[in-house]
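Working notes, structure below.
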Amino acid sequence: MNLVFASDNGFWISWKYGAEENVPSLRLTNDVIGSYITASARIHLYRYIARLRENAIYCVMDTVIYIQPRDETQHIQTCDILDDMTFELRRTQMIKTLNSSIRSVV
């Protein structure tokens, strides 16, 4: 696959299917648009991680778990508006233990 950024607002992408990749797509799907949306979401998420720096302890596609000391102002403002971070715990709740495992697919 080749990806060339023509400008800040446009890019050109080309690819060639291999024999094992030549499978029919569903009528209402588009792999290129899906990849572009996923990449854009990651860039958006990385902006939050850059702001949190060493306080970010876990990140996955749509979630950032970070340390927020009680006596400091909020690192990230949260609200219920699309495209902003939401706070999924009640204000009186906190995560005391975070268990995570590394998964690999072979």
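What follows is calculated from the coordinates using simple rules that are stated; it is not laboratory data. Note that the structure is a prediction, hence the values are computed from the model and not measured.
A compact table of results
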| item | result |
| --- | --- |
| For Met85, distant residues with modelled amide H under 5 Å away | Cys79 |
| Quotient of C-alpha Rg and 2.2 N^0.38 Å, computed over segment 1-99 | 1.50 |
| Amide H within-cut-off set for Ile57, under 5 Å, with H built and near neighbours excluded | Ile65, Tyr66, Ile67 |
| Residue-wise HN-Hα coupling along segment 62-73, computed from phi with Karplus coefficients 6.51, -1.76, 1.60 (Hz; x: Gly, Pro) | 10, 9, 10, 10, 9, 8, 10, x, 5, 8, 10, 5 |
| HN-Hα J in Hz across segment 42-52 - Karplus 6.51, -1.76, 1.60, θ = phi - 60°, x for Gly and Pro | 5, 4, 4, 5, 5, 4, 5, 5, 5, 6, 7 |
